[in-house]
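Q: Input: one structure, supplied below.
Derivation of every value follows stated rules applied to the coordinates shown; laboratory data play no part. All values derive from a computational prediction rather than experimental measurement. Glycine gets a Cβ as well: all are built from the backbone with ideal geometry, and neighbour counts include every protein chain shown.
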Amino acid sequence: MNSDEFRKYAHEFADWMADYFENIVQYPVVSKVQPGDIYKSIPDSPPEYGESIEKIMNDFNAIVMPGITHWQSPSFHAYFPANNSYPSILAEMLTAAIGAQCMVWQTSPAAAELEEKVMNWLRDLIGLPQNFPGVIQDTASTATLVALLTARERATNYMINKKGFDGNKFRIYCSLEAHSSIEKAVKIAGFGKENLVKIDIDENFAIIPQKLEEAIIHDQENGYLPLCIVAGFGTTGSTAVDDLQALGEISEKYHLWFHVDAAYIGSAMILPEMRHYMQGAEMADSFVFNPHKWLMTNFDCSAYFVKDEEALIRTFEILPEYLKTEHDSHVKNYRDWGIQLGRRFRALKLWFVIRSYGVEGLQSKIRNDIKLAQFAEKKLIESGNFDILAPVNFNVICFRYNPGSKADSELNAINEKLLDLINADGRAFLSHTKLNGKYAIRLVIGQTNVEMKHVEKVLDVIFTAVKKLEVIG
């Protein structure tokens, strides 16, 4: 392909992308293909000779697109969003074109210094103190692993990196509602799954500080080494928020690393009216949230902040001769701030988004999503047929259909059927969780282009599915 052909196809692809966003609501949100359909549609061997972009694009539309679940649809209400936006996509196009490998300052000075600056912007926007430098990780899962590894090394004077484990019986603490990535990080870091202690939760699904302290004392008395507390700041199931002030005080009392997993809800902290949730965050050792969830910066882009920059770097720094440069002593080489050596230019899309929307625009977007969620909650309650199973503090509603006079086990089965009917409709996509053993349907209102009409549509889908459920029994 030459430059003229590239220019031609780039324009055509831009038109395709614009058409996709204009027509995205016409697609069924969830792919209708069956397992193996896509695989069987692809030849078993690659082509012997190069094929035209026209032919490849025809196959993309015929084979790939039917197998896509449309995460950018305003009718996507499942899990948590993985939002993009026009400015973010444009920046990703530039990132792909530049093709920079941003492992050290010298390999891309602009990438390193832009990352440092936009992380300062984010830190200030969510209300973290200025003694929290930041770095962009790929996901919060990686950031949590980075936190646990740093905690491990600082607690052992960096000896595990040097000599390996030597009978240390570390304990890590989180709530019963903590994300599964905490357990994965515990296993990868070598602590062992059995040393992740899950603490009981209160009626709002937040960790009970008294139970946490009791567990720490019990472990100390039995020869364990309490190492780290992971706070859930917007849990995956219900967006419950642990009490950072109480957990921070416990972490300081017992000298534990304090990590805050704010993967989703951290974005809402750009709202002044939500900042009260951040009380105690200054006691954290590390804090992570994902702009790729609710700040319209497409995947992947996870903002990780750490108080002890030296501990982070000492944990991950490795300096072979071929990576040494004359600038190392007075620049930030982000390859030493995490697991990856090779790094993408993620800061560019974040910069584009923040500048394009401005603080006011970002705040307006999140504030409106929260208002839409409150509207949806109100309509579900007014119908008289639904239980709200968790506080709706942000933009996630956990609910169940309850026709009355049935045990939880029966209601669980009923609501599982209801969710199947909702998603089979094709006009919306919701997911579920279990809260205190109760099957909860989760309605998330946070997609970039979601509006009141889309919320009214998903409510219609829900109410229509209830009527079908009542008919089939």
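Q: Residues with amide H under 5 Å of Gly234's amide H, sequence separation 5 or more or different chain, H placed in the peptide plane at 1.01 Å from N; which?
A: Amide H neighbours of Gly234: Ala240, Val241, Asp242.
Q: Also, quick follow-up: With the contact rule set at Cα under 8 Å and sequence spacing of 6 or more, what percent relative contact order holds for region 269-401?
A: That works out to 16 percent.
Q: What ranking of Ser238, Ser405 emerges when the number of other C-beta atoms within 10 Å of each C-beta is taken as an exposure proxy, fewest first?
A: Fewest-to-most ranking of Ser238, Ser405: Ser405, Ser238.
Q: If r is the Cβ-Cβ distance from Ser431 to His330 and R0 is 60 Å, what FRET efficiency results, to the nearest 0.05?
A: 0.80
Q: Roughly what % of DSSP beta bridges within region 100-344 run antiparallel, to the nearest 5?
A: Among the beta bridges of region 100-344, antiparallel pairing accounts for roughly 40 percent.
Q: Return the loop-located chymotrypsin sites (Phe, Trp or Tyr not before Pro) in region 38-88 (DSSP other than H, G, I, E, B) with at most 12 other Cβ atoms within 10 Å of their own Cβ; answer none if there are none.
A: Passing sites in region 38-88 are Tyr49.
Q: Related question: Sort 426-432, 63-69 by the packing proxy (mean of other Cβ within 10 Å over each peptide's residues), most packed first.
A: 426-432, 63-69
Q: Between region 403-426 and region 164-231, how many Å separate their Cα centres?
A: Region 403-426 and region 164-231 have Cα centres separated by 34 Å.
Q: Quick one: which residues, 5+ away or cross-chain, put their amide H under 5 Å from the amide H of Leu435? H built at 1.01 Å from N.
A: Hits under the 5 Å cutoff: Ala440.
Q: Here's something else I'd like to know. Loop only per DSSP, at most 14 neighbouring Cβ atoms within 10 Å: give me the GluC sites (Glu not before Pro) in region 191-288, ordered by residue number.
A: Glu203
Q: If packing is taken as the average number of other Cβ atoms within 10 Å across a peptide's residues, how do 205-211, 173-179 rank, most packed first?
A: The densest-packed peptide leads the list: 173-179, 205-211.
Q: Separate question: Averaging the inverse of every distinct alpha carbon separation and then flipping it gives the Kirkwood radius. What is it for region 1-67, in angstrom units?
A: Result for region 1-67 stands at 14.1 Å.
Q: Considering only DSSP states other than H, G, I, E and B, which trypsin sites (Lys or Arg not before Pro) in region 291-393 qualify as loop sites with at most 13 other Cβ atoms within 10 Å?
A: Lys324
Q: I need the semi-axes of the equivalent ellipsoid of region 354-472: take the C-alpha gyration tensor, multiply each eigenvalue by 5, square-root it, list largest first in whole angstrom.
A: After diagonalising the Cα gyration tensor, the semi-axes are 28, 15, 12 Å.
Q: Continuing with the same structure: Using the 10 angstrom Cβ neighbour count as an exposure proxy, how do Leu247, Leu469, Leu225 rank, fewest first?
A: The order, fewest Cβ neighbours first, is Leu225, Leu469, Leu247.
Q: Express the relative contact order of region 354-472 as a whole percentage, based on alpha carbon pairs under 8 Å and six or more residues apart in sequence.
A: 25 percent
Q: Gap in Å between the Cα centre of region 83-119 and the Cα centre of region 131-162?
A: Distance between centres, Cα-based: 23 Å.
Q: Enumerate the calculated ³J(HN,Hα) couplings along region 72-89 in order (Karplus 6.51 cos²θ - 1.76 cosθ + 1.60, θ = phi - 60°), each rounded to whole Hz, writing x wherever the residue is Gly or Pro.
A: 8, 5, x, 9, 8, 10, 9, 6, 10, x, 10, 6, 10, 6, 4, x, 5, 5
Q: Here's another thing I want to ask about it. Could you tell me what percent of the DSSP beta bridges with both partners in the chain are antiparallel, to the nearest 5?
A: 55 percent
Q: Which value, in Å to one decimal place, does the Kirkwood hydrodynamic radius take for region 100-344 when every pair of different Cα atoms is included?
A: Result for region 100-344 stands at 18.3 Å.
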